[in-house]
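J.: Here it is: the structure, laid out below.
The values are calculated or read from the model by the stated rules, or taken from the named source; none is laboratory data. What you are looking at is a predicted structure, and each value in this text was computed from that prediction instead of being measured. Cβ placement follows ideal geometry from the backbone for every residue including glycine, while neighbour counts extend to all protein chains displayed. Remember, those area values only see protein heavy atoms, side chains included, never the ligands or the DNA or RNA. Shrake-Rupley method; radii C 1.70, N 1.55, O 1.52, S 1.80 Å.
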Amino acid sequence: IPHLHTQQFGKEIRYEFQTTSTQIAAHQWAKEGAKEGALVVAEEQRSGRGRLGRSWHSPPHTGIWMSLILRPKIPLAHAPHMTLLASIGVSKGIQRVTGLPIQIKWPNDLLINGKKVCGILCELRGEQDRIHYLVTGIGINVNTMETDLPPELKPIATSLAMELGSSVHRASLIAVILEELELIYTQYLAEGFSVVRTEWEKAAGMLGQMIKARTTQGELSGKALSLNENGALLLQTEQGVVPIYSAEIEW
Ligand code: BTN
């Protein structure tokens, strides 16, 4: 990766031409003792995974499919902070390089004009109150063309190249994203969740809007208010303010 100005993030990289999922490779590497900031990058994933058990379309050479290993010394209950933090870092990186307006959809989808351009998947291993390590998976449709998208994704997905009308150099984008991620991560460890909350609330496209949240307990509608200290989304419903910890959001 050229021009990488980070202390730790991406200093050690495993590059795979083809893999099942960079998440699987990163978990394996973390168990073998990978250091904080170690990164797995793949040109193609055969079974890329998304949130909520879904698969992630990861064709060769057009996207950024990568997983970052982190070892934050924070309580297990604060793990959701890392998801929000990751979406801020990635969104800032993309904006710095492309100038495109990125919206963050809670908890961690990045959208351009309402279409998904990036998904983030944080998986952790821990016990009791300790996090052993965290694998932050980042999937960005970079140089994907409309014709590369499977029909079911066409109405809901986009890519940086489709929005810009020109292609983007993936390694340079990775460098900038790693810088932004390291910056917000370091700030978060030093100052706590308030930095993340402020940045997230600035970048979220949904605060103040009426949204629908599909949770495992059913569907809830209300106005998106803000985040609480655990990173849950606060929803003003007819029954009062409800924190949402995990859901599918629509607005
Ligand atoms: C989502 O929006 O559901 C999250 C998608 C996360 C995709 C990335 S691509 C790199 C890493 N490896 C995977 O298998 N998934 C994540």
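J.: Could you pull out the longest piece of the chain with no exposed loop trypsin sites (Lys or Arg not before Pro) in it, calling a site exposed if DSSP puts it outside H, G, I, E, B and it has at most 15 other Cβ atoms within 10 Å?
T.: Numbers: sites that count: Lys11, Lys35, Arg46, Arg54, Lys73.
Formally, the longest exposed-site-free interval is 74-251.
J.: Expressed as a rounded percentage, what relative contact order does the chain have, with Cα pairs under 8 Å and six or more residues apart? List each step's numbers first, then the result.
T.: On the way: 527 pairs, mean separation 44.9, N = 251.
So the answer I get is 18 percent.
J.: If you build a Gaussian network model of the chain, linking Cα atoms that sit under 10 Å apart, which residue out of Gly93, Gly165, Gly218 swings the most?
T.: So, out of Gly93, Gly165, Gly218, the one fluctuating most is Gly218.
J.: Within segment 97-123, which residues have the backbone N less than 16 Å from the label spot 7 Å out from Leu76 along Cα→beta-carbon, could you tell me?
T.: Only 123 pass the distance filter.
J.: If you don't mind, there's one more thing I want to ask. Probe radius 1.4 Å, ligands and nucleic acids left out: which of Glu123, Glu146 has the largest accessible area, and how do the rest follow? Show your work: numbers first, answer last.
T.: On the way: Glu123 35, Glu146 90 Å².
Greatest to least solvent exposure: Glu146, Glu123.
J.: Taking θ = phi - 60°, what integer Hz values does the Karplus form 6.51 cos²θ - 1.76 cosθ + 1.60 yield along segment 198-211, in sequence order, with x for Gly and Pro?
T.: So the J values, rounded to whole Hz, are 4, 5, 5, 5, 5, 8, 6, x, 10, 5, x, 9, 7, 10.
J.: Order His81, His3, His61, His169, most accessible first, counting only protein heavy atoms with a 1.4 angstrom probe.
T.: Values: His81 5, His3 145, His61 90, His169 115 Å².
In descending accessible area the options line up as His3, His169, His61, His81.
J.: Is the C-alpha gyration tensor of segment 83-183 telling us rounded, prolate or oblate? Criteria: a/c under 1.5 is rounded; beyond that, a/b larger than b/c is prolate, otherwise oblate.
T.: Details: a/c = 2.22, a/b = 1.60, b/c = 1.38.
Prolate shape, in that a/c is at least 1.5 and a/b is the bigger ratio.
J.: In addition: Can you give the FRET efficiency for Arg130 and Leu164, using 1/(1 + (r/R0)^6), R0 = 51 Å, r = Cβ-Cβ distance, to the nearest 0.05? Intermediate values should be presented prior to the final figure.
T.: Working: r = 43 Å, r/R0 = 0.84.
The pair Arg130/Leu164 has a calculated efficiency of 0.75.
J.: Considering the zone a paramagnetic label at Thr6 would reach in this model (a point 7 Å from Cα along the Cα-to-Cβ line), which residues of segment 171-214 have amide N under 14 Å from it?
T.: Those under the cut-off are 171-187.
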